[in-house]
Amino acid sequence: MKKYLSKLNKLPPFVALTWDLLNSPAYKKLTPSAAKALPYFLGKVKVGYNDPEKYIKTFPFSYPEAEKLGFSYATFSRIRKELEKIGFIERTEGGGLRGKGVGYSKYRLSRKWESYGKAKQAEPKPFAWPLAAPIIADDKPKIKKSILIR
């Protein structure tokens, strides 16, 4: 009887989307298709919500699997690129029949979305040469070639 009651009180599997995630500028910037697909990427990692291993584990996500979820090939390609660009996922291994990979692409969750849209720290400017370069004396005189137009 006790086991039966514990099954009744157990929640079905779900993916937690926190208020921080839902109210972030990164999530608000997502297209509706990408926002719909994000929980499927978040749910691929089978660890606890606060487990630091959540951002280390890699997982495959194939195009046929995306088609079963209702995404066309082209839509899933755009979703994947958008989630990578904004910082929700990182691709760790490329898949496909061409190139190195023979299997599916592998991904990892990322926390780069947390800094999306925030002012970045000023990066040091690269070295810029002065406008007037110093003249170095050469042994050989330089001859300029000119074209005469008649």
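The values are calculated or read from the model by the stated rules, or taken from the named source; none is laboratory data. Just so we're clear, the structure is a prediction, and the values are computed from it rather than from any experiment. Neighbour counts run over all protein chains shown; Cβ positions are idealised from the backbone, glycine included.
Structure notes:
- Residue match in the stretch 32-47 (condition: farther than 16 Å from GLU90 by Cα, modelled with pLDDT of 90 or more and surrounded by fewer than 16 Cβ atoms within 10 Å (Cβ to Cβ)): yes
- Filtered residue count, the stretch 80-102, keeping only those that are part of a loop (DSSP other than H, G, I, E, B), over 8 Å from the mean Cα position of the chain (by Cα) and modelled with pLDDT of 80 or more: 0
- Leading residue by the ranking (farthest from the chain's Cα centre (by Cα)) among those in the stretch 23-43 that are part of a helix (DSSP H, G or I) and closer than 14 Å to ARG111 by Cα: PRO25
- Filtered residue count, the stretch 48-76, keeping only those that are in contact (Cβ under 8 Å) with a residue 12 or more places away in the chain and either among the polar types (S, T, N, Q) or closer than 13 Å to LEU38 by Cα (or both): 8
- Of the listed requirements (1) of a type in the set (D, E, K, R); (2) in a helix (DSSP H, G or I); (3) more than 16 Å from the chain's Cα centre (by Cα), LYS46 misses just one: (2).
- The condition of being polar (S, T, N, Q), modelled with pLDDT of 90 or more and either within 25 Å of PRO13 (Cβ to Cβ) or over 14 Å from the mean Cα position of the chain (by Cα) (or both) holds for only one of SER105, SER72, SER77, that being SER72.
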